[in-house]
Amino acid sequence: MKYKKSQVIMFWFLPLILIGGLFYPLLGYLVVGMMVFFIVLSFFRGRYWCWNLCPRGSFLDIFLSNISLNRQNPKIFGNQLFRWLVFFAFMGFLVYRILSSGGSLAGIGVVFVSMCLITTAISIIIGIIVKHRGWCAICPMGTLQEKIGRLRKNRKE
């Protein structure tokens, strides 16, 4: 499989955040920066980030596509209510963890590193037993980007 140049470049952000963030928690702020960037980008390009720039998506394409069982996603993954429940569950957990961090810069960085670690672990499990990008169907950030992209599209019409 041929990968996009952007995927090969962006892929390296995932180990940088996951491994580097364990030793230098401020790397978690890269996650915040990416979130801000893709939210702004989604106003113009919808889920472009997901399929072209997402470091986790690049990892899933490059590594998991070769070992995935490549089964059909569970139908519930396509259910909008389920996707929004996943979104609000993760956002609620994120806010709770940030509030529990004591407000220190390093503590908040740890929150974003650990959230990245948790969602990556979930994406690997789903990617192996279903499709390599099965997580992408329920990714909270992808759900948000899709909604923002649709809002923009609806305003044009």
With +1 at each Lys and Arg Cβ and -1 at each Asp and Glu Cβ, the charge dipole magnitude of the stretch 73-152 around its Cα centre, to the nearest 20 debye, comes out at 300
Hey, how many Å between the Cα centroid of the stretch 63-100 and the Cα centroid of the stretch 1-60?
17
Please compute the length gained on full extension between L105 and N73, using 0.36 nm multiplied by the number of residues separating them and subtracting their Cα-Cα distance.
7.7 nm
Can you give the local net charge around L64? Use residues other than it whose beta-carbon is closer than 15 angstrom to its beta-carbon, Lys and Arg +1, Asp and Glu -1.
+3
Residue span V95 to K4: 0.36 nm per residue of separation minus Cα-Cα distance leaves a gain in nm of 29.4 nm
I'm a student and want to see the number: the projected area of the Cα convex hull of the stretch 5-156, averaged over all directions, in nm².
9.3
Per DSSP, loop trypsin sites (Lys or Arg not before Pro) in the stretch 24-121 with at most 15 further Cβ within 10 Å:
R71
Just to be sure I understand the model, the point goes 7 Å from the Cα along the line to the Cβ. What's the resulting L81 to I128 distance in nm?
3.2
Dipole magnitude (debye, nearest 20) for the stretch 5-156, charges at Cβ of Lys, Arg, Asp, Glu:
740
Considering only L105, L14, L64, give the residue with the highest GNM mean-square fluctuation for the chain, with springs between Cα atoms whenever their separation is below 10 Å.
L105
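Just so you know, all these numbers are worked out from the coordinates, no wet-lab data involved. Owing to the predicted nature of the structure, the values given are computational and were not obtained by experimental measurement. Every residue, glycine as well, gets a Cβ built from its backbone with ideal geometry; the counts of neighbours run over all protein chains shown.
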